[in-house]
Amino acid sequence: MTTNTNQFLLYGANGYTARLIIYRAALFGLTPVLAGRSEEKLRPLAERHGLTYRVADLDDTAELDKMLLDMPVVLNCAGPFSKTAAPMQRACLRTNTHYLDITGEVAVFEQGKTHDAEAKARNLMLMSGVGFDVVPTDCMARYLYDRLPDATHLQLAFMNDGGGISHGTAQTALEGMGNGGLIRQNGVLKTVPNAHKTITVDFGTGQPQPCMSIPWGDLSTAYHTTGIPNIETFIGSSARQITLAKWGSKLSGLLSLKPVQSFLSSQITNRIDGPSEATRQRARTHIWGRAWNAQGQTLEARQHGPEGYTLTAEAALLITKKVLDGNWQAGFQTPAGLYGADLILEIPGVTRE
């Protein structure tokens, strides 16, 4: 598929992150066609920005295919992606449309891998995780691997310093509550308790930071990008957050109950939208990585960049533009696997040390 257009389909356009993408799209010379399942929400958004919109539910195969037929690429911003990625990917395979999303969910990456052969046969690309989940950490994994290609172990950690969360991120986290944690061990995903491991990380902010293990998307993407068989992922946390996460393992049965999930979901809907512009301006993200090989050689590196949602919008548009410019490869791809470790340095405000 060769493209010479600046248009792409932005599904889930009324969400918090998608609205940031809409505001920044013109800076990349791109024009989003807004899409989602609610005309009531899409019409005023499209009118406000002078854009067109399309409506289709992911369960309506005919309408979904009609929505995609003349679109070279779709950027899916509708989470939780455990519910939206599979139907949208199937539609992309039917209509020969490149697929991108901003997920950080391990299961979504693993599911996307299963379509690799079909995507190659249809000469189109499937790439999940084109935002903060997982561009910065995937680039860190590739950076360390390029310098230590016989690495057997990889640890990645991140901290969003001073930022907040959006409604969609909170809903995704809620869905995963009670499922436990994950690690990659000898090439295989292994379930472990929540916060089963804690480490102290020097993010270069002046004070070492406690971090707890979480099931971050790099357990799938970093393995695909580098082939390193043992991977652990961590998030900067307070002692209280670590304690609560460990309690989550003990309460997994309760947290998985539908009535409990429904109640918590309603609280998220009523209380959470996303960080303010002022919060996003002052917040920063920090990435740390460490890799080592069987001989005991160890490498560490750090990255610093904009707040997570700002970085997501920038990274998603950067990769969307690359695809529209013809810079893509058929099959299931990861951001740093295709574009290299320095992809992250193309985003304003990002440094690596």
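Considering the conditions (1) touching a Ser or Thr at 6+ places or on another chain (Cβ under 7 Å); (2) within 22 Å of GLU300 (Cα to Cα); (3) modelled with pLDDT of 85 or more, HIS196 is excluded by exactly one of them, (2).
For region 170-193, a residue qualifies if it is modelled with pLDDT of 90 or more and over 30 Å from TYR16 (Cα atoms), and the qualifying residues are ARG184, GLN185, ASN186, GLY187, VAL188, LEU189, LYS190, THR191, VAL192.
Kindly establish whether ASN96 is out of contact with any Cys (no Cβ under 7 Å at 6 or more places or on another chain) and at positive phi. It is true that ASN96 is out of contact with any Cys (no Cβ under 7 Å at 6 or more places or on another chain) and at positive phi. When residues in region 122-133 are screened for being on the phi < 0 side of the Ramachandran plot and touching a strand residue (DSSP E or B) at 6+ places or on another chain (Cβ under 9 Å), 8 of them pass. With a requirement of 2 or more residues that are of a type outside the set (Phe, Trp, Tyr) and under 15 Å from the mean Cα position of the chain (by Cα), the helices (runs of 4 or more DSSP H) lying completely within region 37-115 that satisfy it span 81-95, 106-113. Being under 17 Å from the mean Cα position of the chain (by Cα) and closer than 22 Å to LEU318 by Cβ is the requirement here; does THR17 meet it? Here the answer is yes, as THR17 does meet what is asked. Looking across region 121-137, the residues that are modelled with pLDDT of 95 or more, out of contact with any His (no Cβ under 8 Å at 6 or more places or on another chain) and assigned to a loop (DSSP other than H, G, I, E, B) come down to ARG122, ASN123, SER128, GLY129, VAL130. Being part of a helix (DSSP H, G or I) and of a type in the set (Phe, Trp, Tyr) is the filter here, so list the residues in region 178-232 that pass it. Of everything in region 178-232, just one residue is part of a helix (DSSP H, G or I) and of a type in the set (Phe, Trp, Tyr), namely TYR223. If the condition is being surrounded by fewer than 20 Cβ atoms within 10 Å (Cβ to Cβ) and outside any helix (DSSP H, G or I), then region 298-330 contributes THR298, LEU299, GLU300, ALA301, ARG302, HIS304, ASP325, GLY326, ASN327, GLN329, ALA330. Among the residues here, ALA25 qualifies as in a helix (DSSP H, G or I), among the aliphatic types (A, V, I, L, M), in contact (Cβ under 8 Å) with a residue 60 or more places away in the chain and in contact with a Phe, Trp or Tyr (Cβ under 9 Å, 6 or more places away or on another chain).
Looking only at region 138-169, how many residues end up being part of a helix (DSSP H, G or I) and at pLDDT below 90?
Selection size over region 138-169: 3.
Evaluate the following for VAL108: is it under 18 Å from ILE21 (Cβ atoms), aliphatic (A, V, I, L, M), at pLDDT 95 or above and buried (at least 22 other Cβ atoms within 10 Å of the Cβ)? Criteria not met by VAL108. Here is the figure for region 8-20: residues that are in contact with a helix residue (DSSP H, G or I) (Cβ under 8 Å, 6 or more places away or on another chain), under 18 Å from LEU68 (Cβ atoms) and either in a helix (DSSP H, G or I) or not hydroxyl-bearing (Ser, Thr, Tyr) (or both) total 5. Restricted to region 72-90, and to residues there that are buried (at least 23 other Cβ atoms within 10 Å of the Cβ) and of a type in the set (Gly, Ala, Ser), the residue that is farthest from ARG37 (Cα to Cα) is ALA85.
The values are calculated or read from the model by the stated rules, or taken from the named source; none is laboratory data. Bear in mind that the values here come from a model prediction, so they are computed numbers and not experimental data. Cβ sites come from the backbone with ideal geometry, for glycine too, and all protein chains shown count toward neighbours.
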